[in-house]
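Below: the structure, in structure tokens.
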Amino acid sequence: MKGSKIFGLLLALAVLAVGFMLPTSEEITRNGVLSACVLISVLVLLLSEAIPVALAALFGPTALILLRVATPGQAFFGFSNHILYFILASAVISHGLSSTNLSKRMLCAMLRKFGGSVNSVVVGIMVCTAILSALMSNVATVLIFLPLCMDFIGIYDNEEDKRRTGRALMLALPISTGVGCVFTPAGSSLHLLVLGQLEQLTGLTVPFLSWMIVGIPWVAFVLPIAILLVLKLNKPAPISREKLDAFIKTLPSSEKFSFKEKYVLVVILSVLALWMIGTWFPRLQITAVAIIGITFLAAPGFEGLSWKDIEPKLPWTIILLVGSFISMANALTITGAAAWITNNVIPTSLNLPPIAIGFIAALVVFLLLLLVPLQPAVIPLLSIPFVALAGVANVNPIAIMMVLAFTVSTSYLLPYESVPLLTYMKGYYKKSDLAKTSLLLQLWIGVVTALWVPFIVGVLGL
């Protein structure tokens, strides 16, 4: 074991030991202190990579039990949350789309109409990935388009041209999927994690269609600026029209749709329609509909879509991680640690307009992700303070939690998350390239989110 991993493991255990030494008061009990220390120790294990992510996730609930902070039922509370089953269902839907040529057909149609230059190719890929990420996981979306991008880079003869174009495309993929997933609450498990925290803390919910009414214009405001920044700060090398046409011909467009493609498309569109109808019929709950959808996807036993093919590819590590953080957030609440944090961190009154509150919240998310580059971890850390902030600032808690959801899923300042890491490993860009492009985009996202989200949430009367 490397020295850094040993240090991380020892530091995590030391944090737990310190929990027995810190002072308590009427406001916060020993269990409250220990619940906070358990959360910090898990973050240390994850950031230091002292043990595998799945084991670090399970360490949290186990520590809560062994330290007598929570009962087994309370410690594993998060693993009964419907969000975990939605993550599973979302992975199957993503796999269903990736097992067909539907995404390539969409890209081909766009390039045939607008693909007159290399810039058009970058725009086409960013628009297609943004649209697909509304229904698919960002990782799956990137994995679909990554080989296409690598093939396109390969048509260049000059190594410098390959490097320039590769940098633009490898930055375009994570940025556009991060923006596009905001289209729907199903675009990212992070969104449902935020909505779960909102419901647990306030009892409020956001209907599927209402989210889309907020999210679609937001994407329309942000995606063009994201495309502009990628193209202006990372200019791809020009290429001849003949080579562009030759590349487009390699995409599946002329072949007829297979029965499998038609079937998958009908199932996925039906799931999306039922999600929207669920706005008026709450029994059509988002996770329940998703599970019905994946049952229809896997039932016919298409090649690559049988449950035997799907099961090994399910994101079990992410499921364990999300369940663990929901459990630890619950422990903070039941032990009173959350109330103590709220009372000592959030001011008793704050006379600022909703726009300022929204921008401050977005800025806090971006800054915290620099210190804790784990998106699922940031949500339970900020949910309780954000809901409390909404109360003292007289802001709708739905608005401030949607600010959290929109910003946490689009913040890629460093390539430590799985989505940018997939493209960073190809070696076409440096960390500074991602930071330079993303920093300006994050500022724009902060402005748009602060101006739009509180306003439209008020208009919708959520």
| Which residues, taken from the range 124-136, are assigned to a loop (DSSP other than H, G, I, E, B) and open to solvent by less than 30 Å² (accessible area, probe 1.4 Å)? | SER133, ALA134, MET136
| request: Within the range 319-339, work out how many residues are at pLDDT below 85 and either open to solvent by 20 Å² or more (accessible area, probe 1.4 Å) or touching a Pro at 6+ places or on another chain (Cβ under 8 Å) (or both). | output: 1
| task | Restricting attention to the range 362-389, report how many residues are of a type in the set (Phe, Trp, Tyr) and crowded, with 23+ Cβ neighbours inside 10 Å. | result | 1
| message | Please pick out the residue among VAL219, VAL230, VAL206 that is under 30 Å from ALA339 (Cβ atoms) and of a type in the set (A, V, I, L, M). | response | VAL206
| query | Considering the range 392-425 alone, what residues qualify as being modelled with pLDDT of 85 or more, open to solvent by 60 Å² or more (accessible area, probe 1.4 Å) and of a type outside the set (Phe, Trp, Tyr)? | reply | ASN394, MET425
| The listed residue being assigned to a helix (DSSP H, G or I), within 30 Å of THR62 (Cα to Cα) and at pLDDT below 90, out of VAL121, VAL92, VAL142 | VAL92
| task | Filter the range 47-81 down to residues that are over 15 Å from ASN330 (Cα atoms), assigned to a helix (DSSP H, G or I) and not aliphatic (A, V, I, L, M), then give me how many there are. | result | 2
| task | Report yes if some residue within the range 173-180 is hydroxyl-bearing (Ser, Thr, Tyr), at pLDDT 90 or above, open to solvent by less than 50 Å² (accessible area, probe 1.4 Å) and in contact with a Ser or Thr (Cβ under 8 Å, 6 or more places away or on another chain); otherwise report no. | result | yes
| Regarding ILE225, is this residue surrounded by 14 or more Cβ atoms within 10 Å (Cβ to Cβ) and touching a helix residue (DSSP H, G or I) at 6+ places or on another chain (Cβ under 7 Å)? | yes
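Per-residue answers, yes or no, for (1) of a type in the set (S, T, N, Q); (2) free of Cβ contacts under 8 Å to residues at least 24 places away in the same chain; (3) over 24 Å from ILE144 (Cα atoms); (4) open to solvent by 50 Å² or more (accessible area, probe 1.4 Å):
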residue	(1), (2), (3), (4)
GLY427	no, yes, no, yes
LYS430	no, yes, no, yes
LEU434	no, no, no, no
SER438	yes, no, no, no
TRP444	no, no, yes, yes
THR449	yes, no, yes, no
PRO454	no, no, yes, no
GLY461	no, yes, yes, yes
| What number of residues in the range 104-123 are closer than 29 Å to LYS313 by Cα and surrounded by fewer than 21 Cβ atoms within 10 Å (Cβ to Cβ)? | 3
| request: State yes or no: is ILE227 free of Cβ contacts under 8 Å to residues at least 24 places away in the same chain, closer than 30 Å to THR410 by Cα and of a type outside the set (S, T, N, Q)? | output: no
| Unmet requirement for THR205, which otherwise passes all of (1) out of contact with any Asp or Glu (no Cβ under 6 Å at 6 or more places or on another chain); (2) without any contact (Cβ under 8 Å) to a residue 60 or more places away in the chain; (3) β-branched (Val, Ile, Thr) | (1)
| So, in the range 57-71, of the ones that are without any contact (Cβ under 8 Å) to a residue 40 or more places away in the chain and not hydrophobic (A, V, I, L, M, F, W, C), which residue ends up surrounded by the fewest Cβ atoms within 10 Å (Cβ to Cβ)? | ARG68
| query | Going through the range 10-56 one residue at a time, which ones are open to solvent by 60 Å² or more (accessible area, probe 1.4 Å), within 25 Å of LEU370 (Cβ to Cβ) and among the hydrophobic types (A, V, I, L, M, F, W, C)? | reply | LEU10, LEU11, VAL18, ILE40, LEU47, VAL53
| note | Residue hits (the range 94-103; within 28 Å of SER240 (Cβ to Cβ) and open to solvent by 20 Å² or more (accessible area, probe 1.4 Å)) are ASN101
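Listed here are the residues, each with its yes/no results for (1) within 26 Å of VAL92 (Cβ to Cβ); (2) of a type in the set (Lys, Arg).
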{"site": "ASP161", "(1), (2)": "no, no"}
{"site": "ARG164", "(1), (2)": "no, yes"}
{"site": "MET170", "(1), (2)": "no, no"}
{"site": "GLU199", "(1), (2)": "yes, no"}
{"site": "THR205", "(1), (2)": "yes, no"}
{"site": "ILE213", "(1), (2)": "no, no"}
{"site": "PRO238", "(1), (2)": "no, no"}
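The values are calculated or read from the model by the stated rules, or taken from the named source; none is laboratory data. Owing to the predicted nature of the structure, the values given are computational and were not obtained by experimental measurement. Here Cβ is always computed from backbone atoms with ideal geometry, including for glycine, and neighbour counts include all displayed protein chains. Surface areas here come from the heavy atoms of the whole protein model, side chains and all, with no ligands, DNA or RNA. Shrake-Rupley method; radii C 1.70, N 1.55, O 1.52, S 1.80 Å.
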